[in-house]
Amino acid sequence: MEKVIKNAFATGLILVIFCGLGAAAKWLVNNPEPIKNQITGQTAIAEPDSMLVQKFLKITSFLSNTNHLALNISIFDGADSTQNIIDLPYRFEQQGARFYCQFGKTETLIANEKYLFVDHGQQKMMFGNSSKNKQDRLLPIPEKVVDHIKSEGYVLKDETVEEGIRKISLINMNHISCRVYEVTYQAQNLEPLSVFLRMDNFNDPYDIKLDKRITFKIKRQNPGSAGIPDMNSFLEGIKTSDPVTTKEFSKYELIKLP
């Protein structure tokens, strides 16, 4: 049960990150970096390079606004190597109020005000009503993510990685939440290739050796969405008070949520 909840949380964390990328860029437009005057000691507002800000917005808008996305995810945890993940497949789909996320051996579905989480590795399912709060945790409102980085003194940089490849970054290594948002992209067409985040350790945010490093490798764009699976393929009697797993998933434990 603990591992099922942990995987569900990881799915939510990934969506927070992607929704947060576009929000961070929008915050930067209206909240330029504060710089302290070394003589007067007062804080002045430094205007960021408007062209660079618009470039960052254009690159990250794809990541936050797309309705379908395919990635490979790697996570390296400085505090606990057992939590490391290497190139785990991830797929995100959204069609109106319907939502689907596949993360490794787990799947999350929201449709018709119902929520379903499936862990194929543990052969467990969690099913219940999709209240407004549950959906917010899976697809957080960008403005809520902005609250965590507002007025935190990020610096925006755009640098060459190699020929034809560049990276654009929001950096503040003294931050105690997310120190780096970094997007690597094709210099010619601004196509994002990967996203790197460096996040602090919740229990000891001042020790950078414990930071969590997360890399998202973006797969080449497909011409169309792979679609959202039907929840009825996992459960029977969804509209009743006592749903059961389908024959295909008869060995799975079903955990019913309120």
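None of the figures in this text is laboratory data; all of them are computed from the coordinates on show. Note that the structure is a prediction, hence the values are computed from the model and not measured. Virtual Cβ from ideal backbone geometry, glycine too; neighbours counted across all protein chains shown.
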| Taking neighbour Cβ counts within 10 Å as the exposure measure, how do VAL183, VAL244, VAL53 sort from fewest upward? | VAL244, VAL53, VAL183
| message | Full-extension gain between VAL161 and ARG213, please, as 0.36 nm times their residue separation minus the C-alpha to C-alpha distance. | response | 16.9 nm
